[in-house]
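The values are calculated or read from the model by the stated rules, or taken from the named source; none is laboratory data. Since we're looking at a predicted model, the values are computed, not measured. FYI the Cβ positions are ideal-geometry reconstructions off the backbone, even for glycines, and counts take in every protein chain you see. Note: areas computed on protein heavy atoms with side chains; ligands, DNA, RNA excluded. Shrake-Rupley method; radii C 1.70, N 1.55, O 1.52, S 1.80 Å.
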Amino acid sequence: MGALGDRIRIHTGDITKLAVDAIVNAANSSLLGGGGVDGAIHRAAGPELVAECRMLHGCKTGDAKLTKGYRLPARYVIHTVGPVWQGGGKGEAELLASCYRRSLEIALGHNCRTVAFPAISTGIYRFPKDKATGIAVDTVTDFLQQDPLLETVTFCCFDEQVAELYRHAVAVLGEG
Ligand code: AR6
């Protein structure tokens, strides 16, 4: 197990291109596809993905479910459902942390060692990006500290602004 800092990666680009054991999808509770990163993952994986998703009968907010990756370079897709931001008083922070924890639990249950996350809930679901990246880094760090089998977690950002927020959240950890 390497130092904690070496096990967290920040990558700017398209998550559908990452050859990791599992990529996480920011899905909705139907698990039947949508826009944003969900649409991109379904397009890249091919139609077999939605066929498997249909058999899962949806997913609750804060929980996650696993499918194969089909035409993606990633072996698995872990579909999680982030909270819609409603001002912060509806348990949004706890639900978002739960998305990261449940995704990693399921990943480890399938022997995944390398996992990549998009910035869950920060697009269509409007969660403030600075808060969301802080929650993501804190939750993933706790998990990495407890679980030596998980090798690396990549935060995959679509734009440099979000990457900068992740870098800041990781730097703040080092000071803590
Ligand atoms: N790779 C990495 N990140 C991406 C990509 C990509 N290819 N495409 C977008 N992002 P969003 P949400 C970033 O809206 O807020 C869907 O319709 C994007 O810039 O995809 O959780 C679902 O079906 C943003 O930072 O997810 C749900 O209905 C982040 O991914 C709903 O959207 C998440 O943005 C979920 O909304």
- What fraction of the DSSP beta bridges in the chain is antiparallel, stated in percent and rounded to the nearest 5? 25
- Message: Using a Gaussian network model on the chain with a 10 Å cutoff between Cα atoms, which of Ser30, Ser103, Ser121 fluctuates the most?
- Response: Ser30
- Under a 10 Å cutoff between Cα atoms, tell me which one of Ala22, Ala40, Ala51 has the largest fluctuation in the Gaussian network model of the chain. Ala51
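Ratio to report: Rg/Rh of the chain, with Cα atoms as the point set and Rh obtained by the Kirkwood method; give two decimals. Before the final figure, lay out each step's value.
On the way: Rg = 14.8 Å, Rh = 15.8 Å.
Radius of gyration relative to Kirkwood radius: 0.93.
Report, in order of residue number, the helices in the chain meeting two criteria: a C-alpha extent of 18 Å or more along the helix axis, and a mean Kyte-Doolittle hydropathy of at least -1.0; treat each whole DSSP H run as one helix.
Details: long enough: 92-109 (26 Å, 0.27); 129-146 (26 Å, -0.26); 160-175 (23 Å, 0.14).
Going by DSSP H runs, the hits are 92-109, 129-146, 160-175.
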- Query: For the chain, what is the accessible area per residue in Å², given a 1.4 Å probe and the full set of protein chains?
  - Reply: 47
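For the stretch 80-130, run through the GluC sites (Glu not before Pro) and keep only the ones in DSSP coil with at most 13 other Cβ atoms within 10 Å of their Cβ.
Details: sites: Glu92, Glu94, Glu105; in loops: none.
Qualifying residues, ordered by number: none.
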- Under 14 Å from the 7 Å Cα→Cβ point of Leu56, by amide nitrogen: which residues of the stretch 76-90? 76-82
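Take the solvent-accessible surface of the protein heavy atoms, probe 1.4 Å, and return the percent of it on the stretch 7-171 that carbon and sulfur atoms account for.
Details: 3880 of 7340 Å².
Heavy-atom surface of the stretch 7-171 belonging to carbon and sulfur, 1.4 Å probe: 53 percent.
Using 0.36 nm times the number of residues separating Glu160 and Arg75, minus their current alpha carbon distance, what extension gain do you get? If you can, show how the numbers build up before the last one.
Numbers: separation 85, 0.36 × 85 = 30.60 nm, distance 2.65 nm.
Result: 28.0 nm gained on full extension.
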- Can you list the lysines whose alpha carbon is less than 26 Å from that of Lys60, not counting same-chain residues fewer than 8 positions off? Lys68, Lys90, Lys129, Lys131
